[in-house]
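The values are calculated or read from the model by the stated rules, or taken from the named source; none is laboratory data. Given the structure is predicted, the values throughout are model-derived calculations rather than measurements. Using ideal geometry, Cβ is built from the backbone for each residue, glycine included, and neighbour counts are taken over all protein chains shown. All accessible areas refer to the heavy atoms of the entire protein, side chains included, with ligands and DNA or RNA removed. Shrake-Rupley method; radii C 1.70, N 1.55, O 1.52, S 1.80 Å.
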Amino acid sequence: KHCFRRGADGYLYCEGVRVEDAMTAAERSPFYLYSKPQILRNFAAYRDALQGLRSIIGYAVKANNNLPVLRVLRELGCGAVLVSGNELRLALQAGFDPARCIFNGNGKTLEHLKLAAESGVFVNVDSEFDLENIVRAARATGKKVPVLLRINPDVDPQVHPYVATGNKTSKFGIRNEKLQWFLDSIKSYPNEIKLVGVHCHLGSTITKVDIFRDAAVLMLNYVDEIRAQGFKLEYLNIGGGLGIDYHHTDAVLPTPMDLINTVRELVLSQDLTLIIEPGRSLIANTCCFVNRVTGVKSNGTKNFIVVDGSMAELIRPSLYGAYQHIELVSPPTPGAEAATFDIVGPVCESADFLGKDRELPTPDEGAGLVVHDAGAYCMSMASTYNLKLRPPEYWVEADGSIVKIRHGEKLDDYMKFFDGLPA
Ligand code: LLP
């Protein structure tokens, strides 16, 4: 069951609520609209898939860092995967159990590593200098840091190059040739570092689970090799990256169950705790980006629907040429002709589009238009370009109530950056 469906009356619904009614209730347009029950359903899919395995679901906070969303995931039992000092602070603030958190990244600073050491989260080792900084952080805080080695397994995830991370040319992780150097080095810091596992992350929007299996096989070879040198490895972290059905076609895409089943026997055979780091597959489909149509125009052969949202609030189409499904919120006005449109925002550059060549009924001015699957890497990548200011967020609860879960950014908030500075 999916949260956004078209009702028999021709209106788009989020759970039991007409999206149009949410538009009336919202403080302004555009805004993000979530289904809280869908977050629970997505989590349940992972929980069910992981039955019979020791596991940690580390939610990738970069996908969506809305605080109420984080609290829901934490209450369900998720850990958190963090890539900056502020994400780490936010996760601790949201109450995540540090023993289920992983601090990741290729450019962690000493200051942030001290915070990580202090709080007791797992830290992924990404490079020689990173290891050095982890040792310094351990000494400064007097804490022994549990670490995983992020190994680059050189597997092609078959995705857009900007979101491929586990292949040879990627900036992330350490390569096979250097493994022994890292093991020797870690052995020389018995009071500072405890090696507890290995990590890899292949990329994002992956739609073939064989790719995860291939990587897991390679990683288990490393586990053997590392255990043979006397390390007590407990964790295999296979990262995140499971894709979702952005195209809303009938294509059958792998589910969390398919993903876990493809690595289950491997994990059990080595008596490991499996860590996974889903972002997109937990949160993307729980949300729509809701816009109002400002007007419709035609330039020669091209037709445009101009909406109030833009690349400032939702940059994935501009940045990756990503497809996100677009629909009108209300049934078409009788007599409205269908045509092929580019859906564009008001931002002053031609990279500003939410969708291209979409077949839609010609909408009236003021009509609602949604961009689907906007829960991951949309609000969290929003900017204030053209001083658009970041939009408010709402969710629909199981009982049909519409609750604001984030205020829209205001010009006053922006002006605060200049308080007390030279006129
Ligand atoms: N773990 C690590 C180490 C990661 O780098 C990422 C995402 C994840 C987990 C979560 O991956 P997911 O399950 O969400 O695919 N901005 C891009 C996506 C960048 C993904 C970065 N890393 C987009 O909008 O498609």
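Structural remarks
- Rounded to 5, the percent of DSSP beta bridges in the chain classed as antiparallel: 50 percent
- Cα gyration tensor, the stretch 312-400 - rounded (a/c under 1.5), prolate or oblate: oblate
- Highest-fluctuation residue, ARG28, ARG150, ARG74 considered, GNM on the chain with Cα pairs under 10 Å: ARG28
- Near PRO254: Cβ cut-off under 10 Å, other residues only, Lys/Arg at +1 and Asp/Glu at -1. The net charge is -1.
- Largest to smallest principal axis extent of the C-alpha atoms in the stretch 26-137, angstrom: 46, 44, 21
- Counting only protein heavy atoms and a 1.4 Å probe, the chain has 42 square angstrom of accessible area per residue.
- For the chain, the Cβ-based charge dipole about the Cα centre amounts to some 1040 debye (Lys, Arg positive; Asp, Glu negative; other atoms uncharged).
- Packing here is the average count of other Cβ atoms within 10 Å per residue, and on that basis the peptides 244-255, 81-92, 355-366, highest first, run 81-92, 355-366, 244-255.
- Computed over the alpha carbons of the chain, Rg followed by Dmax gives 23.0, 76 Å.
- Expressed to the nearest 5 percent, the antiparallel share of DSSP beta bridges inside the stretch 1-81 is 60 percent.
- Spin-label model distance (nm) - ASP412 vs SER350, 7 Å beyond Cα toward Cβ: 4.1 nm
- Length available on full extension from LEU319 to ILE402: 0.36 nm per residue minus the Cα-Cα distance, which gives 26.8 nm.
- The residues neighbouring LEU183, those whose beta-carbon lies less than 12 Å from its own, together hold a net charge of +1 under the Lys/Arg +1, Asp/Glu -1 convention.
- Cβ-based net charge around GLY77, under 12 Å, with every Lys or Arg adding one and every Asp or Glu removing one: +1
- This model, with +1 at the C-beta of Lys and Arg and -1 at the C-beta of Asp and Glu, gives the stretch 1-154 a dipole about its Cα centre of some 320 debye.
- Relative to the longest principal axis of the Cα atoms of the chain, helix 36-49 runs at roughly 40 degrees.
- C-alpha center-to-center spacing [the stretch 196-268, the stretch 153-184] in angstrom: 14 Å
- Length available on full extension from GLU128 to SER269: 0.36 nm per residue minus the Cα-Cα distance, which gives 47.6 nm.
- The DSSP beta bridges internal to the stretch 267-423 are antiparallel in roughly 85% of cases.
- Estimated at 0.36 nm per residue, the fully extended path between ASP48 and ASN221 surpasses their Cα-Cα distance by 59.5 nm.
- Whole-Hz ³J(HN,Hα) from phi, Karplus 6.51 cos²θ - 1.76 cosθ + 1.60, for the stretch 331-336, glycine and proline x: x, x, 4, x, x, 5
- With q set to 0.16 Å⁻¹, the log10 of I(q)/I(0) for the stretch 132-284, from the Debye formula over equal scatterers at the Cα positions, is -0.90.
- Placing R0 at 51 angstrom, the Cβ-Cβ distance between ARG89 and ASP210 gives a FRET efficiency of 0.85 after rounding to 0.05.
- Computed from point charges on the beta carbon alone (+1 for Lys and Arg, -1 for Asp and Glu), the dipole magnitude for the stretch 211-256 about its Cα centre is near 200 Debye.
- Solvent-accessible area, 1.4 Å probe, carbon plus sulfur percent, for the chain: 52 percent
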